[in-house]
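> My questions all concern the structure below.
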Amino acid sequence: MEKRGSRRTKAARSERARRAAADRPQGRVGHWARRIALWSVALSLIAAIFVGLAVAFAARSMPSYYQLRATQNAQTIVVRARDGTEIVELGPSFGKWLPHEQIPQVMKDAMIAVEDRRYYSHFGIDPYGLARAVYEAVTGDERISATSTITQQLARNVFLNNNRSLDRKAREMILAMALEAKFSKEQILELYLNKVYFGGGAYGIDSASRKFFSHPATTLSTAEAAIIAGLVKAPSRYSPTADVDAAVGRASVVLRLMKEQGRIPPDVTVDPSAVNLKEEKGQNSVRYFTDWALPQLDLLLPETYEPIEVWTTLDVGMQRAATAAIQSNTPGGAQGALVSMDRDGAILALVGGTDYVETSFNRATDALRQPGSSWKLFVYLSALEAGYTPGDRVVDTPVTIDGWSPRNSNGRNVGEIDLRTAFAYSINTVAAQLGNEVGFGTVASMARRFGITTPIQTYPSMVLGSNEVRLLDMTRAFAAISAKGESVEPYGIIKVTTADGELLYQHERARRSQLVPDYVAAGITDLLQTAVNTGTGRAAQIGRPVAGKTGTTSSNKDGYFVGFSSGITTGVWMGRDDNGRVGDLQGGTAPARAFAAYMRYAVKDRPVEEFDTDLQLPEWQLEPDDEYLLGDPDDYYFIDEQGNLIEPGRSDGERRDPFGDEFPQPGEADRQRQPPAQQPGRGVDGAPQAVGDDFLERATGGTGQGSQSRQPPRPSPSPSVTVTRPQ
């Protein structure tokens, strides 16, 4: 009994010892560690099962290898000139599909070395690379570069987009493992090398090789393969056609990695700078035109991803001549732009700068610059519509309007001249007087009527071109004058077809409207022609009739010339992008010379066309011999400079409203006009005259006292008394 009790006591003590040990901290830590380990294993198994199911489902629903080969994920656009010749191919170019066995081994080695050195050992995801990505996310260490595997890049290029969300990254990894489960390593690498983007619209190594080196990818050298492999990281930055030094530098990195990984012997010397690159054919200035025209396809076509061909209005020869004219005449340090359109609005040539590769900003369609005196087109159009004719007399004299005092470029005033001369020599004071008379709002409305789309301020200096405009809009306005006052709608796309020739879009001529009467269009053409023949635009002469206008802004910051001949209208602008001063830049110098250089080529195959400047005036502007159509000349009445009516024979203090109750009745008026004798300086009733007889004779066209031959009045910018006719 004692022995049995002793054993029980020992067992009880052992149990208490175990419990005490379990209650110690170390025991509790071990217990929780085991629990965490068990949960981790369980969660890992669940995650593995989930990932496995996701991969299996993705692999099962994934297209076949042959379907992926046939899939193109972007649209190719072939742009053709008006004669059908191909001028540029935009969008992707896929080249010839190369099977795995035809791809040079050096190309495979170069791509694997720089993009995925453990390609043949991972299952679509590189655990080491993934660990680096997690480390970078946690620490923010920018020295660590987390890159996707080749399989992940293929999954992203074929099935996903390039956003950097965690959701997209998770799907990318699932799809990468599905690709590895469904296809062999050779098939995945073949798909990748034939589909990855290398810049310049080239998809696949064959397209890239043909674009950059002018030969198929089957004959790639080690240096060429290194250049192509280096493009994947940043195609636009390392493209050899954009930056040769950057491309060579990146290729050197690829070659170093290939040596480190034993893919090429370490003693082999490869010089990527010795590679002969393909020269860019055609004119880079064509891209200015395509940048303007092709976005219009979004409005002209339904959404489509199939390859299309776009037939444009561009004339290859004229585009080449326009580019040469801008490059050879633009002053150093400045930029130039040119727009040329046919009589129906078709854009024949468009140059947005001196070099598209250097700067793609389109100064012909997007830049807002002051047009200077070329804006006077709208001032004189308003004046002609208000009743002026090119031969009317105006006065070049100092003038102040609302505190603004314009000056002529030569600092002088010449006095009385005709309207034609004032326009030809771009006299600012006359333009200011005309704008003030017809109204600055009227000038703004005229500009709107002719297609100016930018905001227009109506302060007085606007008559000299202080509002900013687009060169395309100004050229369009002058084209409407060339079309005898009819509206012109610029366009650049004639038709769009599929690669098989199916018509998707056909341009239809826009409905045209008459913007100004024929006689106004003829009058402004008269003025524009004189500006080129004898005025500020003489440098624009080309040996046939030309009509146009120069423009120069303050401090020579902008130079303009816009004109037309033989149905072609062309506008030229020159200036600095930073709006700085350009020495000796005036509209009548470099811009006019560029206009002439281009237009000599543009019109060489067109017949000479004389301008229609014959004014067929409306009845209210007819000469005295046709005045009978207007009624009795005695019905004219007079107004003073404030616009108050003056009845002939009455003093200023006895004005009467001809349409009011105080206007004398016929009988009473007749009796009032029967004084005994008329004295000098007095009316027939003996009261002081509002104006002298000499002025009345001149104003009404009389040849002597009592003459009944009176000339209809024309508006004038400066008289204190004007002659008007009651309606």
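The values are calculated or read from the model by the stated rules, or taken from the named source; none is laboratory data. Quantities reported herein were computed from a predicted structural model and do not represent experimental measurements. Because the Cβ atoms are built from the backbone with ideal geometry, glycine has one as well, and the counts that use them run over all protein chains shown. Just the protein is used for accessible areas: all its heavy atoms, side chains included, with ligands, DNA and RNA removed. Shrake-Rupley method; radii C 1.70, N 1.55, O 1.52, S 1.80 Å.
> Taking every pair of alpha-carbon atoms in segment 490-613, what share in percent sits in each 5 Å bin, from 0 to the bin with the longest distance?
Final binned percentages: 2, 10, 16, 16, 15, 14, 11, 8, 5, 3, 1, 0.
> Over the alpha-carbon set of segment 293-352, divide Rg by the Kirkwood Rh and report the Rg/Rh ratio to two decimals.
Radius of gyration relative to Kirkwood radius: 1.10.
> Send over the per residue convex hull volume for segment 337-460, Cα only, as a whole number of Å³.
Convex hull of Cα atoms, per residue: 144 Å³.
> As an exercise, use a Förster radius of 25 Å and the Cβ-Cβ distance of Ala131 and Ala56 to find the FRET efficiency, rounded to the nearest 0.05.
Here the calculated transfer efficiency is 0.50.
> Compute the length gained on full extension between Arg538 and Leu617: take 0.36 nm times their separation in residues and subtract their Cα-Cα distance, giving the result in nm to one decimal.
25.5 nm
> What is the percent carbon and sulfur in the accessible area of segment 394-506, measuring with a 1.4 Å probe over the protein chains and ignoring ligands?
So the carbon and sulfur contribution to the accessible surface is 44 percent.
> Taking a threshold of 31 Å on the Cα-Cα distance, which of the pairs Lys376/Lys604; Lys233/Lys495; Lys233/Lys557 fall above it?
Listed pairs above 31 Å: Lys233/Lys495; Lys233/Lys557.
> Let me ask something else about it. Contact order normalised by length for segment 347-467, with contacts defined as Cα pairs under 8 Å and 6 or more residues apart; what percent is it?
With pairs under 8 Å counted, the relative contact order is 31 percent.
> State the answer as a single residue: which of Leu368, Thr354, Val310 lies farthest towards the positive end of the charge dipole of segment 240-368, with beta carbon charges of +1 for Lys and Arg and -1 for Asp and Glu, about the Cα centre.
So the residue furthest toward the plus end is Thr354.
> Give the distance, in whole Å, between the Cα centre of segment 507-583 and the Cα centre of segment 425-440.
Between the Cα centres of segment 507-583 and segment 425-440 lies a distance of 18 Å.
> Something else about it: Report the charge-dipole magnitude of segment 464-569 in Debye, nearest 20, computed about the Cα centre from +1 at each Lys and Arg Cβ and -1 at each Asp and Glu Cβ.
Dipole magnitude for segment 464-569 comes out near 300 debye.
> Still on this structure, please answer the following. How many nm is it between the label spots at Glu260 and Asp245, if each spot is 7 Å from the Cα in line with the beta carbon?
Each label point lies 7 Å from its Cα, and together they span 2.4 nm.
> Based on the Cβ-Cβ distance from Ala170 to Gln296, what FRET efficiency comes out when R0 is 35 Å, to the nearest 0.05?
0.30
> While we're here: About the Cα centre of segment 215-262, what is the dipole size in debye to 20, counting +1 per Lys and Arg Cβ and -1 per Asp and Glu Cβ, all else neutral?
The calculated dipole for segment 215-262 is roughly 140 debye.
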